[in-house]
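The values are calculated or read from the model by the stated rules, or taken from the named source; none is laboratory data. Please read these numbers as outputs of a predicted model, since none were measured by experiment. Backbone-built Cβ (ideal geometry, glycine too); neighbour counts: all protein chains shown. These area figures cover heavy atoms from the full protein model, side chains too; ligands, DNA and RNA do not enter into them. Shrake-Rupley method; radii C 1.70, N 1.55, O 1.52, S 1.80 Å.
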Amino acid sequence: MSERDGPARSVDDAIRTRASIRAFLPRPVEEKVVRDILEVAARAPSGGNIQPWKVYVVAGEVRDRLVATVFEKAKTTPFGDGPWYDEFPKEMGEPFRARRRKVGFDLYALAGVARDDMMGRARQGMKNFEFFGAPVGMFFTVEEQFGVAQFVDLGMFLENICLLARARGLHTCPQEAWGLWHRTVSEFLGIPPKERMFCGLALGHPDWTDKVNALATERESLENFARFEGF
Ligand SMILES: Cc1cc2nc3c(=O)[nH]c(=O)nc-3n(C[C@H](O)[C@H](O)[C@H](O)COP(=O)(O)O)c2cc1C
């Protein structure tokens, strides 16, 4: 058993063994485990303690119907409802562009998709909308009145979920891709119009036999993102 399996035993361990998993086993996750993760995750800090996040969890037949709805719609509208926010700046400069390209190319290489195989890329991208096979999917919203600060709060909540999943032997993949289908998901789940769905998240047990889960992402060295003064 590698250190990526089994429950993380410390916060450091959870952080180091968390990775975005893009192939899950169909093995179910119990509702009480998901409830527990979310209850603890809600201890996340938020400016003014306003706790702006809402989360909608799908599993079983509801998850399957939602996935089927999106795949059916994608036959005629492959780009979904159109995103309500830009995932990245249109003209993203370096070093960010290079980092993004690297993780994309590394992922496609593991998935056996050639760089110029646009259909293959699209097929890999569509796996987002079946939660990469995970039995549990989540959608995160904040109300449209909120701005940057509340999206940071949501990020804290999200990372807590990813780490708490690791403490329970589970893995995750946060999914902005679901933003493409924000209207469809909102309609399907009856999410109030004042809430805007920011992203989804897949939760489950990884299929380690799938090569995509071998993706090892790099991080910039400390010197390149931190400055220390006065020590
Ligand atoms: C808010 C957020 C949204 C993301 N959306 C997607 C997504 O839609 N699809 C996907 O495959 N990965 C998605 N990712 C995963 C990133 O690609 C991943 O975190 C990054 O490449 C670093 O890899 P790691 O998570 O394995 O450390 C998302 C991550 C974050 C934090």
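For the reader, a short list of remarks on this structure follows.
- In this label model, Glu223 and Val40 are separated by 3.8 nm, measuring between points 7 Å along each Cα→Cβ vector.
- Selected from Pro95, Tyr56, Val33, residue furthest toward positive end of dipole (the range 1-107; charges at beta carbon): Pro95
- Three-way shape label, the range 68-201, alpha-carbon gyration tensor, a/c 1.5: rounded
- Computed about its Cα centre, the charge dipole of the range 101-203 is approximately 320 debye, with only Lys, Arg, Asp and Glu carrying charge at their Cβ.
- By average C-beta atoms within 10 angstrom, highest first, the peptides 202-212, 27-37, 80-90, 127-137: 127-137, 202-212, 27-37, 80-90
- Span-like helix check, the chain: qualifying full DSSP H segments, with Cα axial length of 20 Å or more and mean Kyte-Doolittle of -0.5 or more, are 60-74, 96-111, 148-167.
- Put a dot 7 Å past the Cα of Ala216, heading toward its Cβ, do the same for Asp116, and the two dots end up 3.1 nm apart.
- Reduced Cα scattering model of the chain, Debye log10 I(q)/I(0), q = 0.07, 0.09 Å⁻¹: -0.23, -0.39
- Max mean-square fluctuation residue, GNM over the chain, Cα-Cα springs under 10 Å, options Arg219, Arg115, Arg100: Arg219
- Ranked by solvent-accessible area (1.4 Å probe, protein heavy atoms only, all chains present), the residues Glu91, Glu195, Glu187 order from largest to smallest as Glu91, Glu187, Glu195.
- The label-point distance for Ala167 and Phe105, in a model that sets each label 7 Å from Cα toward Cβ, rounds to 3.9 nm.
- Over the chain: helical MRE at 222 nm, DSSP H runs n ≥ 4 each giving -39500 (n - 2.57), nearest 500: -12000 deg cm²/dmol
- Charged side chains reduced to their Cβ positions (Lys and Arg at +1, Asp and Glu at -1) give the range 190-231 a dipole of some 240 debye around its Cα centre.
- Distance between the C-alpha centres of the range 126-205 and the range 27-100: 2 Å, rounded to the whole angstrom.
- Each Cα pair under 8 Å and six or more residues apart adds its separation to the average, and for the range 1-134 the resulting relative contact order is 35 percent.
- Anisotropy class of the range 117-183 from Cα gyration tensor, a/c 1.5 cut: oblate
- The chain - percent of accessible surface contributed by carbon and sulfur, probe 1.4 Å: 55
- Each Cα pair under 8 Å and six or more residues apart adds its sequence gap; the mean of these over the residue count of the chain is a relative contact order of 38 percent.
- Judged by the ratio a/c of the largest to the smallest principal axis of the C-alpha gyration tensor, the range 45-112 counts as oblate, that ratio being 1.5 or greater while a/b is no larger than b/c.
- Only Lys, Arg, Asp and Glu carry charge here, each on its Cβ (+1 for the first two, -1 for the last two); on that basis the range 49-154 has a dipole of about 400 debye about its Cα centre.
- Build a GNM of the chain with springs between Cα atoms under 10 Å apart, and of Ala19, Ala149, Ala214 the one that fluctuates most is Ala149.
- The slack in the chain from Asn49 to Val67, taken as 0.36 nm per residue of separation less the alpha-carbon distance, amounts to 3.1 nm.
- Listed residues Leu158, Met138, Gly169: farthest to the positive end of the dipole of the range 87-180 (Cβ charges): Gly169
- Within straight-line cross-link reach of Lys73, lysines at Cα separation under 23 Å, skipping those fewer than 8 residues along the same chain: Lys127
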